[in-house]
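First the structure, in the form of structure tokens, and then the observations on it.
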Amino acid sequence: MVRQADAALAREFGLDADEYAKVLEIMGRPPSVTELGVFSVMWSEHCSYKSSRVHLKQLPTKAPWVVHGPGENAGVVEIGHGLCAVFKMESHNHPSFIEPYQGAATGVGGILRDVFTMGARPIANLNALRFGDPAHPATKRIVDGVVRGIGGYGNCVGVPTVGGEVNFHPAFNGNPLVNAMTVGIAPVDRIFLSAAAGVGNPVVYVGSKTGRDGIHGATMASAEFGADAEAKRPTVQVGDPFTEKLLIEACLELMATDAIVAIQDMGAAGLTSSSVEMAGKGGVGIALDLDAVPQRETGMSAYEMMLSESQERMLMVLRPEREDAARAIFAKWGLDFAVIGRITDSGRIVVRHQGVVEADIPLAPLAEQAPLYQRPTTEAPKPAVLAAARVEDRLGLARGLEVLLACPDLCSRAWVWEQYDSTIGGQTVKRPGAADAAVVRVEGQAMALALTTDCTPRYCAADPEAGGRQAVAEAWRNLTAVGARPLAITDNLNFGNPEKPEVMGAFAAAIRGMASACEALNFPVVSGNVSLYNETEGRAILPTPAIGGLGVIDDAAKAVGIALRPWLDLVLVGATQGWLGQSLWLREIGGREDGAPPPVDLPAERAVGDFVRTQILSGTVRACHDVSDGGLLVAVAEMALAGNVGARLSTGPRDIPGHAYWFGEDQGRYVLAVPDHAAFVRAAEAAGIPAVRIGHSGGAGLTVPDGGTISIASLRAAHERFFPSFMGS
Amino acid sequence: MKATVTVMLKPGVLDPQGKAIGQALAGLGFAGVGEVRMGKVIVLELAETDPARARTAAEEMARKLLANTVIEGFTVAVDGA
Amino acid sequence: MKATVTVMLKPGVLDPQGKAIGQALAGLGFAGVGEVRMGKVIVLELAETDPARARTAAEEMARKLLANTVIEGFTVAVDGA
Amino acid sequence: MKAGIVLFPGINRERDMAIALERAAGHAPRMIWHTETELAGLDLIVLPGGFSYGDYLRCGAMAAQAPVMGAVRAHAARGGYVLGVCNGFQILTEAGLLPGALLRNAGLRFISADCHLRVERADTMFAARYQRGAVFRAPMAHGDGNYFADAATLDRLEHEGLVGFRYATATGEVTPAANRNGSARSIAGIYSPNLRVLGLMPHPEDLVDPLLGGVDGAPLFEALAAA
Ligand SMILES: Nc1ncnc2c1ncn2[C@@H]1O[C@H](COP(=O)(O)OP(=O)(O)O)[C@@H](O)[C@H]1O
Ligand SMILES: [Mg+2]
């Protein structure tokens, strides 16, 4: 059934009429099926960023410590001592919906490859997860599979999973989000890039054999699901973390030599995107002989091999005189190694299979004439600010706290992170739950990296610009809260169908918000990923620009966590007006999801954060927790639970209703535990930073200002109930 | 009545376990081992005494729970003992 | 020649996976499911063409690697195709 | 004591182990590739944690057949010391150097959490720096740590005093809740009859640095370094 490439097939492959016309123009003849396949994946949303590129340009990407910003496999920032951190976040949303375990597992595998491709040893993984309503029949199975898959892959490969986030919302019923982040360490002068060079140099394939896995996965990741999602399923990719582990070790061993000219992992669109990108970036040509590709199945066509998304594979250009030494390393690790082509000076990709030229495409127009859309946008009007005084509190503080701490969005995530090996590597200074950011020491150094992922989708849905700004600010705040200097972020922009103006409007606004925060906080974006078409039957997810933040703390011993100790003063730093709009209290207790989300005052954010960091590094702070979901009382309760110590809280200001003061989600705030509040508050006043004592720690219960007391034990019971009972273990 | 459900990855789906077993067998000196695939077998004690109905029930259990039909296929054997 | 090695936990060895499947089946409303045991099946493509010799080889593979005879028993089926 | 750590493909806690050993001994252990067959000159051989060969068939099954295991067996037969942690413990049982087997955790999920271990006897080279009955904390990170042996074997282990460590509460009580993986008789670690081979499920090597939350695991490595 040899099909002719034509406009109809192009449409099946996801290219529209204009795009197909451009293919004809570039080729000067009808393309072969393989050629059409190459165009379709390279011009898919996933690979070409055709809808998002015009907006992404607004994001700041530079700072003195940025070595490589967006455009490489991962972002690279200098962290001192001749080392840099290499990191990126990527989505595996669609595959995780189809097959939660393998989808999530291969997501972890893919992001690991993006990082070790650059020469970095992965030292930490994080994952940002959004699931549907717990009451939806599919949610439990998806949570189970995704968490098992992330653990199954990360644990086996031996990289600690140290942080992440989990939210639930009905908008994710048909489209869970699985965003995985990897962080690695490499010497600054040993970073590997993908631009091919050296006419005649061998193009080498290493790793697993090629099968018919995930063909058109990249195209599918760029299309909306309908009721026919089942029918669209490509062969599901199965992760092989054991092979990935061998691949990491073999690649790093080879990278210690001077054999590699260029290297690129085979991710989405496999051999096509890796070879096209390597040759394209290097301004050279590439000739591939598919007969040499290690194959797992028989009778594969050129089209299938070029589009296969089999996992755990890499493509490299080697110095010819080092080919044998390289082969020996891969043999030692038991991995396939095959010379499948040469670098040429033709500026074209030429693919041969069984003596036939199956594809011959000029690379420059393939890249330069890739579609670029300025899609129409409409922005929803901003919601009105909700006046806190107009919302009544029927539950009281103690009961409200208990309800909030038990809700799926605020309950303990221990059930999740206890399935992830968080200590492997022997460098995890702050494990999940111990601090606002995970802290992982750099082996052999005093310094550590601080890592976090953040986004509040309900804020983004209400006001995408404010939400985008808030996501970046919260990441910055979480790094600051452990004492780290925030350096840079990676992002994963998860949105619906970009052809809908309101989705594209939200996208544009979120980026605007992110950019303003990055600018003000000197917190550039160095890598990222866009995932569009997160819709099922026309229903889009909440806009979710997930932010992965990275910071550095020069002396890991100075990092602080959230755990309270007895007999300390609790001080709230940052300004409070009692912002209930879009708060969890409003949703869980007030039963409404409305109002404007809390605004972020960027200059104040920076001033407050810089002050807090200075105090932490000066050694006067015993514990620190930023105030986020659930507000002030939830922050204090989380500190109490982490330290297994109670606290007594004083009455808040008279001009703010109690529930608004204690549950409002005003931004830019931290709760600090200090031995001497008077000295601390004086220092804050001198710096012009709002700081007020809100109580002190001690005892076995939490006493709230309206008189109620709850024991830490019953708070813990409420906090830890949801996941085990929902998941049945 | 006993029903045995055998669940194997569908043809074409990567089977890392089978692959690793094949390599290990070769390492142990077993020659002439080609492809190796690994699957699961679930043996169910059923109260049902009619073989046809037992098979139908086991098939339904496989579809609903025992096999992940996205990547796995299954066969059912019923054996009255 | 194809050899199928089926590996099951020995009677007396607790099988939490089997138990969990049993509970899940009950939860799905399947009635009359008694004991459930879960095992592994390894399907080997062998170059050997003599059924008896293929069986002997597969049994040896099972003893050496495929089964842990401290906890598991195995059966071998050979099927010339 | 001169120590070596065996590297099987897929092993991933070898660095953690090397750091702990070096921290205690002041010098780095030798790293041993799985194809090596000569282990002369070493007093202690460590099989570290990880996922040897992906643990794809059964945990430790393929590693137990690796060429180096002949030399490990010979070393043990000569009365040499062997420590297997986590995957290493699984490999030792698969290789028949220790009795029993490690089954899937009772809850069928991977467990990554600190546990408390009660020291059942301190008169061994490994436990010499602990007190008998002492309790220490150690991270667990495994999916298959549910120790199993038939009743006769368990009775023999108890009778001969070969149970080295049990899962317990922070105050040393052996309770079902403290035994999260469901191990028979809460067994976390066992010795060979000559007390020179130890298999242990949790990871004392990941708790030897105050910065990482404690030094509960350090006495084990200090004892090894001093021996
Ligand atoms: N999917 C996950 N994987 C690992 N750790 C997680 C995950 N989700 C949440 N955590 C951890 O749980 C803790 C609380 O998470 P969260 O409430 O989102 O923190 P915050 O609001 O301070 O950003 C953090 O330590 C976080 O890293
Ligand atoms: Mg936080």
Legend entry - Gain on full stretching of the segment that runs from residue D:77 to residue D:174 - 0.36 nm per residue minus C-alpha separation: 31.6 nm
Inset, instruction - Mind listing the label-point distances from residue B:47 to the same position on all other copies, shortest first, one decimal in nm, points 7 Å along Cα→Cβ? - result: 5.4
Inset, instruction - Could you work out the mean count of beta carbons from other protein chains within 10 Å of each residue's beta carbon in C:16-27? - result: 4
Inset, instruction - Within 10 Å, count the other beta carbons around each residue, average over each peptide in D:99-106, D:172-179, and list them highest first. - result: D:99-106, D:172-179
Inset, instruction - Show the residues, 5+ positions off or on another chain, whose built amide H is closer than 5 Å to the amide H of residue A:694. - result: A:570, A:571, A:572
Legend entry - Approximate spin-label separation residue A:368-residue A:445, in nm, with each point projected 7 Å along Cα-to-Cβ: 4.1 nm
Inset, instruction - Take every residue in peptide D:2-15, count the Cβ atoms of other chains within 10 Å of its Cβ, and give the average of those counts. - result: 3
Legend entry - Ascending count of other beta-carbon atoms within 10 Å, so fewest first, for D:73, A:390: A:390, D:73
Inset, instruction - Give the long-range amide H neighbours of residue A:173: residues separated by 5 or more places, or on another chain, with amide H under 5 Å away, using H modelled in the peptide plane at 1.01 Å from N. - result: A:133
Inset, instruction - Give the calculated FRET efficiency between residue D:226 and residue D:35 to the nearest 0.05, with a Förster radius of 22 Å applied to their Cβ-Cβ distance. - result: 0.10
Inset, instruction - State, to one decimal in nm, how far the label point of residue A:136 lies from the label point of residue A:676, with both points 7 Å from Cα in the Cβ direction. - result: 5.4 nm
Legend entry - Within 10 Å of each Cβ in B:8-14, the average number of Cβ atoms from other chains: 6
Legend entry - Share antiparallel - DSSP beta bridges, chain A, percent rounded to 5: 80 percent
Legend entry - Cα-based reach from residue A:57 at 20 Å (exclusive), listing lysines while leaving out same-chain residues under 8 positions away: A:88, A:281
Inset, instruction - Could you tell me how many degrees, from 0 to 90 and to the nearest 10, lie between the Cα long axis of helix A:33-42 and the main elongation axis, the longest principal axis, of the Cα atoms of chain A? - result: 30 degrees
Legend entry - Per-residue HN-Hα couplings for region A:550-562 [Karplus 6.51, -1.76, 1.60; θ = phi - 60°; Hz; x = Gly/Pro]: 10, x, 10, 10, 5, 10, 4, 5, 8, 5, 10, x, 9
Legend entry - Estimated vicinal HN-Hα couplings, Hz - region A:325-336 in sequence order (Karplus 6.51, -1.76, 1.60; Gly, Pro = x): 5, 5, 4, 5, 5, 5, 5, 4, 8, x, 10, 5
Inset, instruction - In whole Å, largest first, what are the principal axis extents of the Cα atoms in region A:607-670? - result: 35, 31, 21
Legend entry - Long-range HN-HN contacts of residue D:114 with modeled amide H, under 5 Å: D:140
Inset, instruction - Would you mind ranking B:19, A:332, D:2, A:500 so that the residue whose beta carbon has the fewest other beta carbons within 10 Å leads the list? - result: D:2, A:332, A:500, B:19
Legend entry - aspartates and glutamates whose Cα lies under 15 Å from that of residue C:64, excluding same-chain neighbours fewer than 8 positions away: C:72, D:94
Legend entry - Shape category assigned to chain D from the gyration tensor of Cα positions, a/c cut at 1.5: rounded
Inset, instruction - Every other copy gets compared here: list the nm distances from the residue C:35 label point (7 Å along Cα to Cβ) to its counterparts, shortest first, one decimal. - result: 3.5
Inset, instruction - Mind giving me the FRET efficiency for residue A:394 and residue A:322? R0 is 60 Å, r the Cβ-Cβ distance, nearest 0.05 is fine. - result: 0.25
Inset, instruction - Show that you can apply the helix-only estimate: for chain A, add -39,500 (n - 2.57) for every DSSP H stretch of four or more residues, divide by all residues, and state [θ] at 222 nm to the nearest 500. - result: -10500 deg cm²/dmol
Legend entry - Whole-Hz couplings from phi, Karplus 6.51/-1.76/1.60, listed for region A:419-425; x for Gly and Pro: 9, 10, 5, 9, 10, 4, x
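No lab work stands behind these numbers, since they all come straight from the coordinates. All values derive from a computational prediction rather than experimental measurement. Cβ coordinates were reconstructed from backbone atoms using ideal geometry, including for glycine residues, and neighbour counts include every protein chain displayed.
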